[in-house]
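A short worksheet on the structure shown next.
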Amino acid sequence: MRRAATLVIALVLAIAWASAAPAQEGAQTILHLLDYIGVDYEGAVRNGAIADAQEYREMTEFSAQVSERVRALPVRPERDRLVAQSQSLAGLIRDKVPPGAVADTAGQLRRALIDAYRIQVVPRQAPRPGDARVLYERDCAACHGAQGRGDGAAAKGLDPAPSNFHDSARMAQRSVYGLYNTITLGVEGTSMVSFGKLSEEERWALAFHIAGMGAPAEQVAQGEQLWAAGEARTAFPDLANVVGLSAREVEQRFGANARRVQAYLRAHPQALAGAKPAPLQTARRVLEEALRQYRAGERPRARDAATSAYLEGFELVESALDNVDQPLRLAIEREMMAVRVAITQAVPADELAQRVAGAQSLLAQAEERLGAGRLDPAVAFGSSLVILLREGLEAILLLAAIIAFIARTGRRDALPWVHAGWIAALAAGAATWAAATFLIEVSGAGREMTEGITALFAAVTLLYVGYWLHGRTQAQAWSAFLRERVGQALEKRTLWAMAGVSFLTVYREIFEVVLFYQALWLQAGQDGHAAVLGGIGAAAVVLAVFGWALFKYSLRIPLAPFFAVMSIVIAALAVVFAGQGMAALQEAGAVSMSPVPFFTLPLLGIHPTLESLGAQLLAVALVMLGLWAARRADPPAAPHAS
């Protein structure tokens, strides 16, 4: 048990990190190659003929590398499709098709790769391009020139010549992320070396600075006016499209005005700082993206988008909506689940459009109920109270039960293990929050994967502890037995099980609570922050009183019934955790979802899907099997002192 608990805890922490971190380093290299192909192919082929033999050899070599590297990526459901796309790109280059077709195919593959492997392609915070001027003069101007025209003092004789950042046709095909990749990795076979020695923030600042060097001042000014008038807000809800799309791609997808706005945002990315859309706006926007992807035949990407619409959008305001309109909250949950199921079942596009429209209508109602502005202080207080009560109740119940058991049996040697478990969980939760805030961006799917896996493992561990407790309910003369064995420690595997349950019970709640409070803090606004803090304080008091009362009054229960009650409580929590864990994995998109006509009660882990209810039935069956095995066993002989 000790080794298993250690391995699982390590696995849980690894998943919390890896599920949201950028994919393998090889994926970044593939993106770099695709960007290079998309931009430089037109210099290799013109009018169906080779214009530059050396450049064409590079294109064929790079496309072959892309195919090879894609095949070497970790297994994902989308990998086979990515391999096929990479082979198609190589075929287009062999056939010497027009540059536009190659650029479009390379861009499609780039976006599909980013989506499939959840690659981080935006800076962690909006850079200040002005800070890069000194860096540019020190590291770039010698070759690229003071104005970025490729005419620096060291440029003479270089083959190929340094890029001219005022070449509008070429720069229109470059994304900020592509420039960042070039700065980070360099370009093999050229004088462009890697500048990986610079910090990540410095490389992003340089990329933004270079991207804006050739933008006409009038275009930036027009973009500023359009942005101030509310233009292209849908195209640029955050930095993703500013950074990940080239100007050419933006114009193709969103129009000429959006291209002007992008030029402004590249020069002033701080305009987006703190402008992260509200959760309900995120949910509505990403649902539209899911429908768009579905109509385009990209069903896996549509499924991922529908999942993100719930996890990154609606779930973050569930508590607030619950306080003002619980039936509406339940209706939205059902409708968004129906959207995900419809995508999985590959229904006709028009049928999915009706589902999405229904969800959009309900989300619009939720926006009205919550108000277009900040949350009312009373709603903020109630939401804050409910979040901590809902997430902390199970943890307090279980910890209080375990501590009460230890107190009743006189086994004080086990207390440090239980306390070490929840203290370690607090530390791990703080570390995970810090990593998600300053190092990586934890996705909603990563959050749910972590919660799901920890919940299922906690359920298994609870079944073991419950069975161990139930085995003591029939012991005769237990008090005498304890007095005789008071100097001896509990079994190590039991101690590790208690520590593991203590850790997992607390850790699985912490990070989700933090994310919910982050969203609530933004919704409440400056005037509502006191209400949010008040709700946290009130919930903490309620939980403390509940834990104290549970501990105090459990000590008054006779010993044998106490063991029976504790084993029942722990077995019930195992069933609850089984349902919650499976539901979390379904929300993350890791487990299929088969709705059934049944009621919903999340507090007890009851969700109306075949998989979630099946997990709970399995847990109940294991509990019954344990009871049956215990009854068949001979009752232990009454222990006595010799």
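Conditions (1) of a type in the set (S, T, N, Q); (2) more than 17 Å from D115 (Cα to Cα), marked per residue:
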{"position": "R301", "(1), (2)": "no, no"}
{"position": "A306", "(1), (2)": "no, no"}
{"position": "L311", "(1), (2)": "no, no"}
{"position": "D325", "(1), (2)": "no, yes"}
{"position": "L328", "(1), (2)": "no, yes"}
{"position": "A331", "(1), (2)": "no, yes"}
{"position": "M337", "(1), (2)": "no, yes"}
{"position": "T344", "(1), (2)": "yes, yes"}
{"position": "V347", "(1), (2)": "no, yes"}
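One line per residue, one yes/no per condition, for (1) in contact with a helix residue (DSSP H, G or I) (Cβ under 6 Å, 6 or more places away or on another chain); (2) more than 25 Å from V250 (Cβ to Cβ); (3) at pLDDT 90 or above; (4) of a type in the set (G, A, S):
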residue	(1), (2), (3), (4)
V12	yes, yes, no, no
W17	no, yes, no, no
L33	yes, no, no, no
A49	no, yes, yes, yes
E55	yes, yes, no, no
M59	yes, no, yes, no
V83	yes, yes, yes, no
V102	yes, no, yes, no
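Each row is one residue, and each column tells you yes or no for (1) outside any helix (DSSP H, G or I); (2) open to solvent by 30 Å² or more (accessible area, probe 1.4 Å); (3) over 23 Å from N181 (Cα atoms); (4) touching a residue at least 24 places away in the same chain (Cβ under 8 Å).
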| residue | (1), (2), (3), (4) |
| --- | --- |
| T60 | no, yes, no, yes |
| P74 | yes, yes, no, yes |
| A84 | no, yes, yes, no |
| A103 | no, no, no, yes |
| A112 | no, no, no, yes |
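Residues that are under 21 Å from the mean Cα position of the chain (by Cα) and open to solvent by 20 Å² or more (accessible area, probe 1.4 Å) within segment 567-584 comprise Q580, M582, listed in sequence order.
When segment 169-180 is examined, which residues are found to be crowded, with 23+ Cβ neighbours inside 10 Å and assigned to a helix (DSSP H, G or I)? Once the filter is applied, which keeps residues that are crowded, with 23+ Cβ neighbours inside 10 Å and assigned to a helix (DSSP H, G or I), segment 169-180 yields M171, V176, Y177, G178, L179, Y180. Scanning segment 155-167 for residues that are surrounded by fewer than 18 Cβ atoms within 10 Å (Cβ to Cβ) and at pLDDT 90 or above turns up H166, D167.
Screening V45 with (1) closer than 22 Å to K96 by Cβ; (2) at pLDDT below 90; (3) open to solvent by less than 60 Å² (accessible area, probe 1.4 Å) gives one miss only, at (2). Does at least one position in segment 373-394 carry a residue that is open to solvent by less than 60 Å² (accessible area, probe 1.4 Å), at pLDDT 85 or above and more than 30 Å from I570 (Cβ to Cβ)? No.
In the set Q120, Q125, only one residue is open to solvent by 40 Å² or more (accessible area, probe 1.4 Å), in contact (Cβ under 8 Å) with a residue 12 or more places away in the chain and outside any helix (DSSP H, G or I); that residue is Q125. Residue count for segment 176-194, restricted to those that are small (G, A, S) and in contact with a helix residue (DSSP H, G or I) (Cβ under 6 Å, 6 or more places away or on another chain): 2. A single entry from A342, A366, A400 fulfils the requirement of being at pLDDT below 75 and open to solvent by less than 20 Å² (accessible area, probe 1.4 Å): A400.
Do we have Y136 as farther than 30 Å from D80 by Cα and out of contact with any Cys (no Cβ under 9 Å at 6 or more places or on another chain) here? Yes, satisfied. The single residue among E351, E333 that is open to solvent by 20 Å² or more (accessible area, probe 1.4 Å) and either modelled with pLDDT of 90 or more or more than 19 Å from V596 (Cα to Cα) (or both) turns out to be E351.
Checking A357, A320, A378 one by one, the residue that is touching a helix residue (DSSP H, G or I) at 6+ places or on another chain (Cβ under 7 Å) and part of a helix (DSSP H, G or I) is A320 and no other.
Residues that are surrounded by fewer than 21 Cβ atoms within 10 Å (Cβ to Cβ), more than 23 Å from V591 (Cβ to Cβ) and free of Cβ contacts under 8 Å to residues at least 12 places away in the same chain occur in segment 284-292; there is at least one.
Selection of first residues in segment 301-330 that are touching a residue at least 40 places away in the same chain (Cβ under 8 Å) and of second residues that are open to solvent by 40 Å² or more (accessible area, probe 1.4 Å) and of a type in the set (K, R), restricted to Cβ pairs under 7 Å at least 6 apart or on distinct chains, gives the following pairs, ordered by first then second residue: L321/R369; V324/R369; D325/R369; L328/R369.
The conditions of being of a type outside the set (F, W, Y) and at pLDDT below 70 are not met by V542. Pairs linking a residue in segment 247-274 that is open to solvent by 70 Å² or more (accessible area, probe 1.4 Å) to a residue that is in a helix (DSSP H, G or I) and not small (G, A, S), with Cβ atoms under 7 Å and 6 or more positions apart or on different chains, are E251/R259; R260/Q219; R260/Q222; R260/L226.
When G589, G581 are checked against the criterion of being in contact with a Ser or Thr (Cβ under 8 Å, 6 or more places away or on another chain), modelled with pLDDT under 80 and assigned to a loop (DSSP other than H, G, I, E, B), G589 stands alone in meeting it.
Yes/no matrix, rows are residues, columns are (1) open to solvent by 20 Å² or more (accessible area, probe 1.4 Å); (2) out of contact with any Gly (no Cβ under 8 Å at 6 or more places or on another chain):
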position	(1), (2)
E201	yes, yes
A207	no, yes
I210	no, no
G223	no, yes
P237	no, yes
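The values are calculated or read from the model by the stated rules, or taken from the named source; none is laboratory data. For clarity, every value in this text was computed on a predicted model and none was experimentally measured. Note: ideal-geometry Cβ built from the backbone for every residue, glycine included; neighbour counts use all protein chains shown. In case anyone asks, the SASA skips ligands and DNA or RNA and just uses the protein heavy atoms, side chains included. Shrake-Rupley method; radii C 1.70, N 1.55, O 1.52, S 1.80 Å.
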